[in-house]
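Read the structure below first, then the notes.
The values are calculated or read from the model by the stated rules, or taken from the named source; none is laboratory data. It should be emphasised that the depicted structure is a prediction, and the values quoted were computed from it without experimental measurement. Cβ atoms come from the backbone with ideal geometry, glycine included; neighbour counts cover every protein chain shown. For accessibility, only protein heavy atoms count, side chains too; no ligands or nucleic acids. Shrake-Rupley method; radii C 1.70, N 1.55, O 1.52, S 1.80 Å.
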Amino acid sequence: MRPPMKFSGLSFLAFAIITLTGCSQTEVGLESRNILVEQNAVPAAAGAGAQGIADLVGASGPTYVTLTVSAPDSQGGVRKADQRPNAITSGSGFLVDKTGYVLTAAHVAMSNGFSVSARAANGRVYGGVVVDVLPASDVALIKLRGYSGRSVSPAANNCLARGATVFSLGKPHAQGDTARIGQLEDMHFGRAVQYGKFGYPDAMVLRMNTQRGESGGPLFDSSGRLVGMVVSTLTDGSGRPLNLAHAVPATN
């Protein structure tokens, strides 16, 4: 059995990707979901475009999972077979290791030891548990049981130029699995963001209209390589979306 892993700061995400992608197992299945491709940046950056990204979705789609997180029984007892788990959050995530390690946002995973149900590319649902959470970086690690899927391939250099085409994978609460095509607005937001006990010291700024449920989803460059993880949507003073989103970078 693998010993517990401990991480600190934004190096958590980079460390997990670098150290966990070396394992090799047979994948359980290929992409069977119908992923809607939406172009958020107008116009798309030259050289990529909607069609080019749509072709990459088939390759990157199997790395992405949708998550439902449940709290332990408040009484500490054993739940009966006909009792449903106490689901408290849902979001998106992605495999960093073929043996079932998944990264997501901390505000999706919530707390160590919480149980997880993950729907994978083959349509099956796998159980798992939250292994570690870093609230100050809004990053968390989940271990799924019995799942061997396709892990992400991190970009050699995630320092993208302004206007570079990027795309995300996630499942908004109001619709099905979605790939969003956008652009990098800036590599830095320039200040820390805090929401309750979760937050992050800085973030990539994306010209992309994400929605609730997409938090924790992977962000790829125009070659289908991982460059970050979607964490939040930006709004104005009245709470209206600004067609801007934040992503935690894949390396620091």
As an exercise, use a Förster radius of 30 Å and the Cβ-Cβ distance of Arg119 and Asn157 to find the FRET efficiency, rounded to the nearest 0.05.
0.40
Counting only other residues whose beta carbon sits under 9 Å from that of Gly128, what net charge do I get with K and R as +1, D and E as -1?
+2
For Glu185, what charge total do you get from the other residues with a beta carbon under 12 Å from its beta carbon, if Lys and Arg give +1 and Asp and Glu give -1?
+1
Ordering Ser222, Ser92 from largest to smallest accessible area (1.4 angstrom probe), what's the sequence?
Ser222, Ser92
Roll a 1.4 angstrom probe over the protein heavy atoms and tell me the percent of accessible area of the range 109-159 that is carbon or sulfur.
51
Less than 10 Å Cβ to Cβ from Ala203, Lys/Arg counted +1 and Asp/Glu -1: what total charge do the surrounding residues give?
-2
Amide H of Ser232: which non-local residues (sequence gap of 5 or more, or other chain) have their own amide H closer than 5 Å, using H built in the peptide plane?
His246
Mean accessible area per residue over the range 117-187 (1.4 angstrom probe, all protein chains present, square angstrom) is 36
From the backbone phi of the range 167-176, what are the Karplus-calculated ³J(HN,Hα) couplings (6.51 cos²θ - 1.76 cosθ + 1.60, θ = phi - 60°) in whole Hz, Gly and Pro given as x?
9, 10, 10, x, 10, x, 4, 8, 8, x
Largest first, what is the accessible-area ranking of Ser153, Ser168 with a 1.4 Å probe?
Ser153, Ser168
Rounded to whole Hz, the Karplus (6.51, -1.76, 1.60) HN-Hα couplings of the range 130-146, x for glycine and proline
6, 8, 7, 9, 10, x, 6, 10, 6, 10, 9, 10, 10, 10, 8, 8, x
What is the calculated FRET efficiency for Ser111 to Asn34, with r their C-beta to C-beta distance and R₀ = 35 Å, to the nearest 0.05?
0.60
Relative contact order [Cα under 8 Å, 6+ residues apart], the range 106-220, whole percent:
23
What ratio of Cα Rg to 2.2 N^0.38 Å holds for the range 61-193?
1.15
